Amino acid sequence: MERRSFLHFSEICESVAALSSTLDKVRAVATYLVELDDLDLEAATLFLSGRAFAQSDPRSLRIGSATILAAARAVWHIEDVELRRHYRSHGDLGAALAPFTRQGRRLALFAEPLTPAILRSTFGEIAAASGKNAGRRRQVLCEQILGACESEIETKYVVKIMTGDLRIGLLEGLVLEGIAEAFDQSPQDVRRAVMASSNIGHVAVAAKHKALESIQIAYGSPIGFMLASPIQYGTSYREFSSGNWILENKYDGIRAQLHRFDDKVVLFSRTLDDISTSYPEIIEAAQSLESAVILDGELIAQKSGLALPFRFLQARLQRKIVSAELLTEVPVTFMFFDILAHEEEFLIDEPLSVRRERLQTIPSTEHLTAAPYELLNTADDAAAHIHESFEKARNAGHEGLLAKRLDARYHPGRRGKWWLKLKRELATLDVVVVAVEWGHGKRAGVLSDYTFAVRTDSGELMTLGKAYSGLTDAEIASLTKWFLDHRLPPTQRREKARAGEIPVQPALVIEVAFDIIQRSDLHESGFALRFPRIVRIRDDKPASEIDTIERVREIYTQMLAREGLN
Ligand code: AMP
């Protein structure tokens, strides 16, 4: 078989999906990549990491399942009953369409068999389609791709890549390791190059030519945020017995990443969306920075040096156009506490001590301020020091403290023990709404009862309770509309939905506070919360980052311990 073909790529995907050891997966990827020429290598690594385009590439396919289905109907004979049956058993459009594959009428474009490189260039044409007939053009290109699939597994993987739903147990990290092994490079260097460039395809080609150092920082492409793990306030703080730590305020705002480069400034949210237009004062302040830089920090509402509570900032969230009045009423400051890149240097592998030093060279202004920090005194009495700083932080209107290890690298997208957050009321959880119900009495006519879930490590959602209170009438009214627009189609509903519940896409994250956790078989998680109330809507948090069932168990055990019950 032609090793460059897309058929071969698809077979690699099948075999990787069937392997359970990550080591074996990495080896299979490496053996495959080593034989590819540059164009196929670039495309195949992108596709293996589940993408049609590199993260740094602003293009997207803009075709949904409806277009793919319409294209499939134009190319093959599709039996609807069969299609539904396949869809139900696989829950995946690629696998559902695969059995309809017929030896295609290979269209002129594809005189040769489909290869990753050909697929990638056709994706480019799809993304470039614009103007009045763009939709039609995209569908025709999609028909050409499907028509070129000569076997079921090609169809399966072509569609999976187009829908962004690869699911072969190959996270980007494993593809990175595969690249490193294939071309005899250090995994660390490959990872760093991908973080810097947000383009795994370019990195693979550079690794092959032993030219990783030529990879440049992609200013303007967001980097995953490093996150903190919670620790209990008021313990003996064994966490700090090794290493040197600093303390920072835990700001009650929204996390953001600022890129200053060429003559541009871009601000990204935690969900990696561009939120620049909502914060003109920050953009203007950053324009005057003289060097290219990527800063990590928190946007807070602050007036005359005093932090305002989160609800003030709420007035600014998602405002695309900010009135002059709002700009004076709720001025926002970007408190930056980390620096990920400076000019040509990519800094994430430097220890925090070095990054902090570099950070101090960035001049602070009213709307762009370096977050202060202090060294944690672990030699004498860490607990007393933490207590004093905690009270100070609270009095200044902040949520608590963050402790950070000075020798830690910046770990994009990871929550580890290098950053620890200290909040007093540990009993809040970030959860995702999975189903809603119509309210009663004065809440009749709005969707006001929300069933929420936490996640397992593998990303499965498990319900934990139902919340009724905490939101204003206006918030409930606007959420009702959102929920109605995000109902799940019958094929995707969870089996365990109860009567009266309307299953919705698990995308809305809320923070719930509660008094007590109990064991209960009322919900899938095996726990229930007493008096859950919604503290706030967390539009800044994607559903993939909600709290885990592990965290629920931890709070439960801590609660029992405090009450002397275990
Ligand atoms: P949580 O949202 O409760 O998971 O807490 C983590 C969040 O705290 C981060 O995503 C940041 O938005 C926020 N945060 C506030 N202050 C800091 C800080 N000094 N360092 C890091 N994160 C901070």
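The values are calculated or read from the model by the stated rules, or taken from the named source; none is laboratory data. A quick note: this is a predicted structure, and the numbers were derived from the prediction, not measured. When we count neighbours, we look across all protein chains shown, and the Cβ atoms used for this are built from the backbone with ideal geometry, even at glycine.
Annotations
- Candidates are the residues of the stretch 1-27 that are over 12 Å from P116 (Cβ atoms) and of a type in the set (A, V, I, L, M, F, W, C); the one that is farthest from the chain's Cα centre (by Cα) is M1.
- Restricting the stretch 303-312 to residues that are away from the ligand (no atom under 13 Å from the Cβ) and crowded, with 17+ Cβ neighbours inside 10 Å, the residue that is farthest from the chain's Cα centre (by Cα): L308
- Failed item, numbered, when T271 is tested on (1) more than 22 Å from I321 (Cβ to Cβ); (2) hydroxyl-bearing (S, T, Y); (3) within 16 Å of the ligand (Cβ to nearest atom): (1)
- Residues (away from the ligand (no atom under 16 Å from the Cβ) and either touching a helix residue (DSSP H, G or I) at 6+ places or on another chain (Cβ under 8 Å) or not assigned by TED's automatic domain parsing to the domain that holds L508 (or both)) located in the stretch 527-550: F527
- Among the conditions (1) closer than 25 Å to F310 by Cα; (2) among the small types (G, A, S); (3) in contact with a Leu (Cβ under 7 Å, 6 or more places away or on another chain), S525 misses just one, which is (1).
- Neighbours by Cβ (under 6 Å, 6+ apart or cross-chain): first from the stretch 177-197, in contact (Cβ under 8 Å) with a residue 60 or more places away in the chain; second of a type in the set (G, A, S) and in a loop (DSSP other than H, G, I, E, B): S197/A218
- The set of residues in the stretch 365-382 being at pLDDT 90 or above and part of a loop (DSSP other than H, G, I, E, B) consists of E366, H367, A371, P372, Y373, L376.
- Restricting the first member to the stretch 208-230 and to residues that are assigned to a strand (DSSP E or B) and within 16 Å of the ligand (Cβ to nearest atom), and the second to residues that are modelled with pLDDT under 95 and aliphatic (A, V, I, L, M), the beta-carbon pairs closer than 7 Å and six or more apart or on different chains are P230/L426.
- Candidates V175, V205, V194: the one that is outside the structural domain of T45 (by TED's automatic domain parsing), under 30 Å from T22 (Cβ atoms) and in contact with a Ser or Thr (Cβ under 6 Å, 6 or more places away or on another chain) is V175.
- Inside the stretch 289-319, residues that are hydroxyl-bearing (S, T, Y) and at pLDDT below 90 make up a count of 1.
- For the stretch 432-449, the condition of being within 16 Å of the ligand (Cβ to nearest atom) and in contact with a Phe, Trp or Tyr (Cβ under 9 Å, 6 or more places away or on another chain) holds for at least one residue.
- Selection count where residues are surrounded by fewer than 20 Cβ atoms within 10 Å (Cβ to Cβ) and in a helix (DSSP H, G or I), scope the stretch 112-138: 11
- When residues of the stretch 234-252 are limited to those that are within 30 Å of I537 (Cβ to Cβ) and touching a Phe, Trp or Tyr at 6+ places or on another chain (Cβ under 7 Å), the one farthest from the ligand (Cβ to nearest atom): L247
- Residues of the stretch 175-205 that turn out to be under 21 Å from the mean Cα position of the chain (by Cα), closer than 19 Å to A52 by Cβ and part of a helix (DSSP H, G or I), as a count: 6
- Some residue of the stretch 369-378 being away from the ligand (no atom under 14 Å from the Cβ) and of a type in the set (A, V, I, L, M): yes
- Residue count for the stretch 369-382, restricted to those that are touching a residue at least 12 places away in the same chain (Cβ under 8 Å) and surrounded by 14 or more Cβ atoms within 10 Å (Cβ to Cβ): 7
- D80, sole failed condition from (1) free of Cβ contacts under 8 Å to residues at least 12 places away in the same chain; (2) acidic (D, E); (3) more than 29 Å from L488 (Cβ to Cβ): (3)
- When the stretch 335-368 is filtered for residues that are without any contact (Cβ under 8 Å) to a residue 24 or more places away in the chain, touching a strand residue (DSSP E or B) at 6+ places or on another chain (Cβ under 7 Å) and more than 16 Å from the ligand (Cβ to nearest atom), only R358 remains.
- Breaking point among (1) over 22 Å from the mean Cα position of the chain (by Cα); (2) within 16 Å of the ligand (Cβ to nearest atom), for I300: (1)
- Some residue of the stretch 279-296 being surrounded by fewer than 14 Cβ atoms within 10 Å (Cβ to Cβ), assigned by TED's automatic domain parsing to the domain that holds Y373 and farther than 20 Å from A218 by Cα: yes
- Residue match in the stretch 403-422 (condition: away from the ligand (no atom under 16 Å from the Cβ) and assigned by TED's automatic domain parsing to the domain that holds L347): yes
- Flag if D189 is closer than 23 Å to S15 by Cβ, surrounded by fewer than 20 Cβ atoms within 10 Å (Cβ to Cβ) and of a type in the set (D, E): no
- One residue stands out in the stretch 1-24 among those that are small (G, A, S) and not in a helix (DSSP H, G or I): the one that is farthest from K160 (Cα to Cα), namely S21.
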